[in-house]
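What follows is a short report on a single structure.
Quick note: the coordinates plus some simple rules give every number you see, no bench work behind them. None of the values given here were measured: they were computed from a predicted structure. With ideal geometry, Cβ positions are generated from the backbone for all residues, glycine too; neighbour counts draw on all protein chains shown.
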Amino acid sequence: MALSLKEIVNNLANEVQTPMENLYCRWQDEKEYEDIRDYGRVLEPVIKKHGGKLEKMTKRPFGFVVIFQTQTGVVKVKFCINNTSFSWKRA
C-alpha cells in the first residue's frame with residue numbers, strides 16, 4: 001500500500017529534524033561567510049530517499065523547499081526551523 005503525501009512528508013520531517021537543527025545552529029554562526037546552497041547538499045540524499053527533489057534553501061526563515069511529483073501534479077512543501085519550532089507546510 002502506497003503512502004499518502006502527508007505520510008511521506010511526515011517521515012521526511014522526522015528524519016531531517018536533527019540535521020536541520022544542526023544546520024540552523026551553524027548558519028547562525030556562519031551566515032556571513034557561507035553559501036546557503038551548500039547546506040542543501042547535506043539534505044539532498046535524505047530528501048531523495050523520500051521521493052522529493054530539493055528546490056531551494058531559504059535564509060529567512062531558515063529552511064528548504066521540496067518538490068514532490070504526485071499523481072495529481074507537482075506539490076511543493078516548505079520546511080522551516082527557528083529557535084523554538086520546526087514545521088512544514090505546502091508552499
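Relative to the current alpha-carbon distance between residue 6 and residue 49, full extension at 0.36 nm per residue lengthens the span by 13.9 nm. The GluC sites (Glu not before Pro) of the range 20-79 that meet both conditions, a loop assignment by DSSP and at most 11 other Cβ atoms within 10 Å of the site Cβ, are 32. Dipole of the chain (Lys/Arg Cβ +1, Asp/Glu Cβ -1, origin at the Cα centre): which of 25, 69, 13 lies farthest to the positive side? The one lying farthest along the dipole's positive direction is 69.
Across the chain, the longest piece that holds none of the trypsin sites (Lys or Arg not before Pro) lying in DSSP loops with up to 13 other C-beta atoms within 10 Å covers 60-91. The angle separating the long axis of helix 36-49 from the principal Cα axis of greatest extent in the chain is about 30 degrees.
Can you compute the charge dipole magnitude of the range 5-90 about its Cα centre, using +1 on each Lys and Arg Cβ and -1 on each Asp and Glu Cβ, nothing else charged? Give it in debye, rounded to the nearest 20.
Values: 15 positive and 11 negative charges, 95 e Å.
Dipole about the Cα centre, nearest 20: 460 debye.
Could you check the spin-label model distance between residue 22 and residue 67? Points 7 Å from the Cα along Cα→Cβ, value in nm. Label-label distance for residue 22 and residue 67, simple model: 2.8 nm.
Over the alpha-carbon set of the chain, divide Rg by the Kirkwood Rh and report the Rg/Rh ratio to two decimals. Walk me through the intermediate numbers first.
Working: Rg = 13.0 Å, Rh = 13.4 Å.
Rounded to two decimals, Rg over Rh is 0.97.
Rounded to the nearest 10 degrees, the angle from helix 5-30 to the longest Cα principal axis of the chain is 10 degrees.
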